[in-house]
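The values are calculated or read from the model by the stated rules, or taken from the named source; none is laboratory data. If you're wondering where the values come from, they're calculated on a predicted model, not measured in any experiment. Here the Cβ positions follow ideal geometry from the backbone for every residue, glycine too, while neighbour counts run over all protein chains shown. SASA here: full protein model, heavy atoms, side chains in, ligands and nucleic acids out. Shrake-Rupley method; radii C 1.70, N 1.55, O 1.52, S 1.80 Å.
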Amino acid sequence: MQARSAPPLRYLRDLVAEGYVGRVLSTSMLGSGWIGGATYDDNYAYVLDATSGATLLSIPFGHSVDALTMVLGEFREVSALVENLRPEVTNLTSGAVAAKSAEDQIAVTGVLESGAVAAMHFRGGTSRATASHWEINGTEGDLVVKADRAQWWYGGTQLYGARGEEGALTELPVPARYQRSLTQWTGRSAEPACGVAHEYALLRDQIIGSLAPDEDGVPDFRHAVRRHAMLERVRKAARAGRKVTLAEQGA
């Protein structure tokens, strides 16, 4: 869950808490999963199996929804679609076709505990159009998180915002105070290990008791249980959902 430890996400949470966008009305997140695409290699053959525990829902969506709830709070209710639209995929090396039971499309809508409406759509593989895009819209402004890689929780995110009478988004540099005395990581926030490095730094500070009074540390086992329970709620919502066709509606 290293996204929640990364400086840009900590800054984003504070911006929201301090009222940058006013009252949050909605949030939308569009992402590509990296796994779950049309092809696979031998190193990642295990992700084809829905029972492996390493799926689009548990990894890309799991990291992303954890970041969203860290910033905006937990979901109060969810509805979901979880689909496997590529039941057969091709090995990049041999060209052999293999069966895939894991999902490659996840669409979740819901209401957060704050009352804000949330929508998340994750697609297997990669997209030539949008790797990752996250918006937070409120009564007073808007915030956007952009990343140039599907695995956006690795790092390399940029924050943009506009509020009040501002007509266009501008980049919001992360203040230096969010850097946790990791001098070797200064200016290297785009590297995949940056979020993990800050997570270790938070753990260090948590152990030695140097966290600020209003600052939380790294997620513990109780948090992990809560997050996996939330993912199971998504699966349950997808299983229980009934698709109503236009014909059934009389359209």
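How much length, in nm to one decimal, is gained on full extension between Arg235 and Glu171, taken as 0.36 nm per residue of separation minus their Cα-Cα distance?
19.4 nm
Using θ = phi - 60° and the Karplus curve 6.51 cos²θ - 1.76 cosθ + 1.60, what whole-Hz ³J(HN,Hα) does each residue of the stretch 151-158 get, with Gly and Pro shown as x?
In residue order, the calculated couplings are 7, 5, 5, 5, x, x, 8, 10 Hz.
Per DSSP H run of at least 4 residues, take -39500 (n - 2.57); add these up for the chain, divide by its residues and hand me the 222 nm value, nearest 500 deg cm²/dmol.
-7500 deg cm²/dmol
Please compute the per residue accessible area over the stretch 1-135 with all protein chains in place, 1.4 Å probe, rounded to a whole number of Å².
Solvent-accessible surface per residue comes out at 42 Å².
If I compute solvent accessible area with a 1.4 Å probe over the protein chains, what percent of it on the stretch 14-69 is carbon and sulfur?
51 percent
List the trypsin sites (Lys or Arg not before Pro) within the stretch 5-81 that fall in a DSSP loop (any state other than H, G, I, E or B) and whose Cβ has at most 16 other Cβ atoms within 10 Å.
Answer in residue order: Arg23.
Once phi is turned into ³J(HN,Hα) by the Karplus curve 6.51 cos²θ - 1.76 cosθ + 1.60 with θ = phi - 60°, what whole-Hz value does each residue of the stretch 112-121 show in order, with x for glycine and proline?
7, 4, 6, x, 5, 8, 10, 9, 10, 10
Quick one: what are the phi-derived ³J(HN,Hα) couplings along the stretch 18-25, Karplus 6.51/-1.76/1.60 with θ = phi - 60°, whole Hz, x for glycine and proline?
Computed from phi, the couplings for the stretch 18-25 are 7, x, 4, 9, x, 7, 6, 9 Hz.
Identify, among Val196, Tyr178, Leu231, the residue whose Cα sits farthest towards the positive end of the charge dipole of the stretch 148-239, taking +1 on the Cβ of Lys and Arg and -1 on the Cβ of Asp and Glu, with the dipole about the Cα centre.
Leu231
Rank these residues by their accessible area, most exposed first, probe 1.4 Å: Lys236, Lys146.
These residues rank, largest area first, as Lys236, Lys146.
Projecting each Cα onto the charge dipole of the stretch 1-139 (Lys/Arg +1, Asp/Glu -1 at the beta carbon, about the Cα centre), which of Ser58, Ala107, Gly22 comes out farthest on the positive side?
Farthest along the dipole direction, towards plus: Gly22.
Calculate log10 I(q)/I(0) of the chain for q = 0.08, 0.17 Å⁻¹, where I(q) comes from the Debye formula with a single equal point scatterer on each Cα and nothing for solvent.
Results for the chain at q = 0.08, 0.17 Å⁻¹ read -0.34, -1.38.
Where Lys and Arg each count +1 and Asp and Glu each count -1, what net charge lies around Gln206 among other residues with Cβ under 13 Å from its Cβ?
Summing Lys/Arg as +1 and Asp/Glu as -1 gives -3.
Given a Förster radius of 30 Å and the C-beta distance between Ile207 and Glu113 as r, what FRET efficiency does 1/(1 + (r/R0)^6) yield to the nearest 0.05?
After rounding to 0.05, the efficiency reads 0.50.
Give the relative contact order (percent, whole number) for the chain; include only Cα pairs under 8 Å separated by 6+ residues.
Answer for the chain is 25 percent.
Which value, in debye to the nearest 20, describes the size of the charge dipole of the stretch 7-139 about its Cα centre when Lys and Arg Cβ atoms bear +1, Asp and Glu Cβ atoms bear -1, and nothing else is charged?
260 debye
Going by the alpha-carbon gyration tensor, a ≥ b ≥ c the square roots of its eigenvalues, is the stretch 111-170 rounded (a/c under 1.5) or, if a/c is not under 1.5, prolate (a/b greater than b/c) versus oblate?
In terms of gyration-tensor shape, oblate.
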